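The values are calculated or read from the model by the stated rules, or taken from the named source; none is laboratory data. Worth saying up front: this structure is predicted, and the values here are computed from it rather than measured. Positions of Cβ are backbone-derived with ideal geometry, glycine not excepted, and every protein chain shown enters the neighbour counts. Surface areas here come from the heavy atoms of the whole protein model, side chains and all, with no ligands, DNA or RNA. Shrake-Rupley method; radii C 1.70, N 1.55, O 1.52, S 1.80 Å.
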Amino acid sequence: MIESIDNSLIDWSRAQFALTAMYHWLFVPLTLGLGVIQAIMETIYYRTGNEAWKKTAQFWMKLFGINFAIGVATGLILEFEFGTNWSNYSWFVGDIFGAPLAIEGIVAFFMEATFIAVMYFGWGKVSKGFHLASTWLTIAGATLSALWILIANAWMQYPAGMAFNPDTVRNEMFDFWAVALSPVALNKFVHTVLSGWIVGALFVIGVSCWFLQKGRNKEFALSSVRVGAVFGLVASILVLWTGDGSAYQVAQKQPMKLAAMEGLYEGHEGVGLVGIGVLNPDKTNYNDGVEPFLFEMKIPKFLSILAERDANAFVPGIVDLLDGGYTLKDGSTALSANEKIERGKRAIQALADYRKAKKAGDTEAAERYRSELDAHFPYFGYGYIQNPEELIPPIGLTFYSFRVMVILGGFFILLFIVTLIWERRGKIADAKWLQWVCLWSIPLGYIAGQAGWIVAEVGRQPWAIQDILPTGAAISKLDPASVRTTFFLFLILFTVLLIAEIRIMVKAIKEGPEAND
């Protein structure tokens, strides 16, 4: 592992990875959502033979292609960073983490690459049925890419199906399906893809409303609004369901993240969910006695329901999780953070002693140290923690990001309902106020998605792999200056790519669907 930790190196490595991931996620959700919408439109064309639907599908397909190309570029850089900036992480769990990423590249990416050519260049060259199948297979490939990447991410949140090999100092997979089908992975995949569908729906109705504002392509705009709003409403309702599943999984697997999401310091039975609240900036320590909120409005007992499916269930807070002593569901007593740290250090020392005994040929001692390592390995990562307060993620960022995500999710449901009602009544073409709301709601979809990822990733700090490997032990031994330099280079590169995409998108939108002629 590592001998010393340079905090500036950790901070810049995390910042660079966060930068790449957040820029990448500006492109992925639109790919997932717009891809399905264009496939639905082509399906309508296939069933009706109406050429207007063909032109509609081709227009959105053009925008899909522009976004897809830029997204691939940022995604490749993101995967390379695991080897450049996080080599200790890659060594420690590469046998497991690399498997879903390899499947993503071999199966899903090549599936996209094969059929996307037919989707774009096959109009009039292949049968309508084969072209439609190619469109759906392209979207299926994009979704499968998301599946395997999210399986890899979910494993970091909930490591399963693995065993530690002290001879190689690596974690090895022994149950592929435990990794691929873990409840965290399945829920994360569905929830994340649905959020992308919402972004796609917002994009379609927003751009369509721009055409209505300009008095152009009215039939095209109204049909696109209809498909986008129905699709978005279905996705938004399903996100409520998967969001509930996410909250439950977080409560079971990452209780500290849940406590940070809610600003919950003192756990108790029948905990309410904070609907609206303002954190107290004067609270600087988890046990300083300062009230955590300046203002809060709670839904009574709702957090207990989300976390344990029991209105009167006990939900631990930050103090409980660090001090321990409360009763777990299996009847045992929760360990304190200091006890976990001590066990983690014993695991690390047992690993060193085991390897030394192995090298010396002392089989009996090696077996004894191996048993001690196995007993304490669940706390292995805690051995790198110097202070229990390091286990507390940034509460303010996690708390407010969660509320931004939830509030915007509620707004999207309302927006899709109102849009559908106005469209069904034939009033949306004249409702300038609604057209402006739809147009300016496009960036809100991206904000909601970014907020969700902040909750997921910032909320699990300091862990690169939950309980097994903190970020400080996962980084490469690099000069902080080199990481800082590449951070700004990537910032400039990604910003240029984003500006280029927006300009190309805007130009294509202004040309309209008639440009396909």
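Which members of the stretch 196-229 meet the condition of being outside any helix (DSSP H, G or I) and on the phi < 0 side of the Ramachandran plot?
R216, the sole residue that qualifies.
For the stretch 295-311, check the following and say yes or no: at least one residue is touching a helix residue (DSSP H, G or I) at 6+ places or on another chain (Cβ under 6 Å) and of a type in the set (S, T, Y).
The answer is no; no qualifying residue exists.
Please enumerate the residues belonging to the stretch 61-84 that are open to solvent by less than 10 Å² (accessible area, probe 1.4 Å) and modelled with pLDDT of 85 or more.
Those that are open to solvent by less than 10 Å² (accessible area, probe 1.4 Å) and modelled with pLDDT of 85 or more: M61, L63, F64, N67, E81.
Name the one entry in S236, S246, S223 that is modelled with pLDDT of 95 or more, of a type in the set (G, A, S) and within 19 Å of the chain's Cα centre (by Cα).
Going through S236, S246, S223 in turn, just one is modelled with pLDDT of 95 or more, of a type in the set (G, A, S) and within 19 Å of the chain's Cα centre (by Cα): S236.
Any idea which of D323, D362, D353 is of a type in the set (D, E, K, R), open to solvent by 70 Å² or more (accessible area, probe 1.4 Å) and touching a residue at least 12 places away in the same chain (Cβ under 8 Å)? Quick ask: steps written out before the conclusion?
Working: D362 fails: touching a residue at least 12 places away in the same chain (Cβ under 8 Å); D353 fails: open to solvent by 70 Å² or more (accessible area, probe 1.4 Å).
Matching residue, one of D323, D362, D353: D323.
Please count how many residues of the stretch 152-192 are hydrophobic (A, V, I, L, M, F, W, C), in contact (Cβ under 8 Å) with a residue 40 or more places away in the chain and either touching a strand residue (DSSP E or B) at 6+ places or on another chain (Cβ under 7 Å) or open to solvent by 10 Å² or more (accessible area, probe 1.4 Å) (or both).
Keep residues of the stretch 152-192 that are hydrophobic (A, V, I, L, M, F, W, C), which gives 152, 154-156, 160, 162-164, 169, 173-174, 176-181, 184-186, 189-190.
Add one more test, that the residue is in contact (Cβ under 8 Å) with a residue 40 or more places away in the chain, and what stays is 152, 155-156, 162, 164, 169, 173, 176, 179-180, 184, 189-190.
Within this subset, residues satisfying the condition of being either touching a strand residue (DSSP E or B) at 6+ places or on another chain (Cβ under 7 Å) or open to solvent by 10 Å² or more (accessible area, probe 1.4 Å) (or both) are 156, 162, 164, 169, 173, 176, 179, 184, 189-190.
Selection size over the stretch 152-192: 10.
Consider L414 against the criteria (1) of a type outside the set (S, T, N, Q); (2) more than 20 Å from the chain's Cα centre (by Cα); (3) modelled with pLDDT under 95; (4) open to solvent by 30 Å² or more (accessible area, probe 1.4 Å): it satisfies all of them except one. Which criterion is unmet?
(3)
From T398, T419, grab the single residue that is farther than 30 Å from M162 by Cα and open to solvent by less than 20 Å² (accessible area, probe 1.4 Å).
Step by step, each of T398, T419 is checked, and only T419 is farther than 30 Å from M162 by Cα and open to solvent by less than 20 Å² (accessible area, probe 1.4 Å).
It is to be established whether one or more residues within the stretch 485-501 are in a helix (DSSP H, G or I), of a type in the set (D, E), without any contact (Cβ under 8 Å) to a residue 12 or more places away in the chain and out of contact with any Asp or Glu (no Cβ under 9 Å at 6 or more places or on another chain).
Among the residues of the stretch 485-501, not one is in a helix (DSSP H, G or I), of a type in the set (D, E), without any contact (Cβ under 8 Å) to a residue 12 or more places away in the chain and out of contact with any Asp or Glu (no Cβ under 9 Å at 6 or more places or on another chain), which makes the answer no.
Looking at the stretch 243-264, which of its residues are free of Cβ contacts under 8 Å to residues at least 60 places away in the same chain and open to solvent by 30 Å² or more (accessible area, probe 1.4 Å)?
S246, Q252
Given the options K283, K329, name the one that is free of Cβ contacts under 8 Å to residues at least 40 places away in the same chain, of a type in the set (D, E, K, R) and exposed (fewer than 12 other Cβ atoms within 10 Å of the Cβ).
Going through K283, K329 in turn, just one is free of Cβ contacts under 8 Å to residues at least 40 places away in the same chain, of a type in the set (D, E, K, R) and exposed (fewer than 12 other Cβ atoms within 10 Å of the Cβ): K329.
What number of residues in the stretch 502-517 are under 20 Å from G75 (Cβ atoms) and not in a helix (DSSP H, G or I)?
Residues in the stretch 502-517 being under 20 Å from G75 (Cβ atoms) and not in a helix (DSSP H, G or I): 0 in total.
Just one of (1) open to solvent by 30 Å² or more (accessible area, probe 1.4 Å); (2) under 22 Å from H24 (Cβ atoms) trips up V126, so point out which.
(2)
What are the pairs with Cβ atoms under 8 angstrom where one residue, in the stretch 90-106, is closer than 23 Å to A473 by Cα and of a type in the set (D, E) and the other, located anywhere, is crowded, with 22+ Cβ neighbours inside 10 Å and modelled with pLDDT under 90? Sequence gap at least six, or different chains.
Listed pairs, sorted by first residue: none to list.
Anything in the stretch 47-60 that is surrounded by fewer than 18 Cβ atoms within 10 Å (Cβ to Cβ) and either touching a Leu at 6+ places or on another chain (Cβ under 9 Å) or assigned to a helix (DSSP H, G or I) (or both)? List them, or say none.
R47, T48, E51, A52
Which one of W210, W197 is buried (at least 21 other Cβ atoms within 10 Å of the Cβ) and either modelled with pLDDT under 95 or among the aromatic types (F, W, Y) (or both)?
On inspection, the qualifying residue turns out to be W197.
Of the residues in the stretch 442-461, how many are more than 16 Å from W25 (Cβ to Cβ) and surrounded by fewer than 20 Cβ atoms within 10 Å (Cβ to Cβ)?
Residues in the stretch 442-461 being more than 16 Å from W25 (Cβ to Cβ) and surrounded by fewer than 20 Cβ atoms within 10 Å (Cβ to Cβ): 0 in total.
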